[in-house]
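Each value in this text was obtained by applying a stated rule to the coordinates, not by laboratory testing. All figures in this text were calculated on a predicted structure; none of them were measured in a lab. Counting neighbours? That spans all protein chains shown, and the Cβs are built from the backbone with ideal geometry, glycine included.
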Amino acid sequence: MAAEMITIGELAKRSGVAASALRFYEAEGLLASVRPEGKQRRFPRDALRRVAFIRAAQGVGLSLDQIKASLATLPDNRTPTKKDWERLSRAWRPLLQQKIDALCALRDQLTSCIGCGCLSLQKCALYNPGDVARQRGSGPRYLMNDRSEAAPQERSPAI
């Protein structure tokens, strides 16, 4: 018996994901459909679970490339099972911990410094004397845990 097929409109409605996003996922190789000649594309019904997997992975901060790499580990491009989800989510733990650590650092430093080395804030003279952060490159160097020896580890209140 052939797998039950659903239209992109039904998949969009049932998954809560816009049809344009579903077409994008398909173009990126995250979903597969069939398109009988002259007819609307159809997705296997289990694409609902695959879309849920993609959305859950995006929700924890994975990029589409990371999601695609995870899905590529499944045999025959199948939809993830509960056992697959357990295995894949375990593999994501270190990445998620890095994201959590970065968010905690951002939270802890947010009110004192944006860490960019711009010298535009009155306090930058205390945290980035002589604009030493620019030697480390562009972007929020201190928030990226790129500490200069000249930058104080403990931030004091604004003077």
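Between residue 6 and residues 5 or more places away or on another chain, which pairs have amide H atoms under 5 Å apart, with H built 1.01 Å from N, and which residues are they?
Amide H to amide H, under 5 Å and 5 or more residues apart or across chains, residue 6 pairs with 43, 45.
What residues qualify as long-range amide H neighbours of residue 62, i.e. H under 5 Å apart, gap of 5 or more or another chain, H built at 1.01 Å from N?
For residue 62, no residues qualify.
What are the ³J(HN,Hα) values, in whole Hz, obtained from phi via the Karplus relation 6.51 cos²θ - 1.76 cosθ + 1.60 with θ = phi - 60°, for each residue of the stretch 31-38 in sequence order, with x given for Gly and Pro?
Computed from phi, the couplings for the stretch 31-38 are 10, 10, 10, 10, 9, x, 3, x Hz.
If you add up the charges near residue 34, with Lys and Arg at +1 and Asp and Glu at -1, over every other residue whose beta carbon is less than 10 angstrom from its beta carbon, what do you get?
Once all neighbours under 10 Å are counted, the net charge is +4.
Please list, in order along the stretch 78-89, the HN-Hα scalar couplings obtained from phi with the Karplus expression 6.51 cos²θ - 1.76 cosθ + 1.60 (θ = phi - 60°), rounded to whole Hz, x for Gly and Pro.
So the J values, rounded to whole Hz, are 6, 6, x, 8, 4, 5, 4, 4, 4, 5, 5, 5.
Assuming a ≥ b ≥ c are the square roots of the Cα gyration tensor eigenvalues, decide whether the stretch 5-93 counts as rounded (a/c under 1.5), prolate (otherwise, with a/b larger than b/c) or oblate.
Since a/c reaches 1.5 and a/b is larger than b/c, the shape of the stretch 5-93 is classed as prolate.
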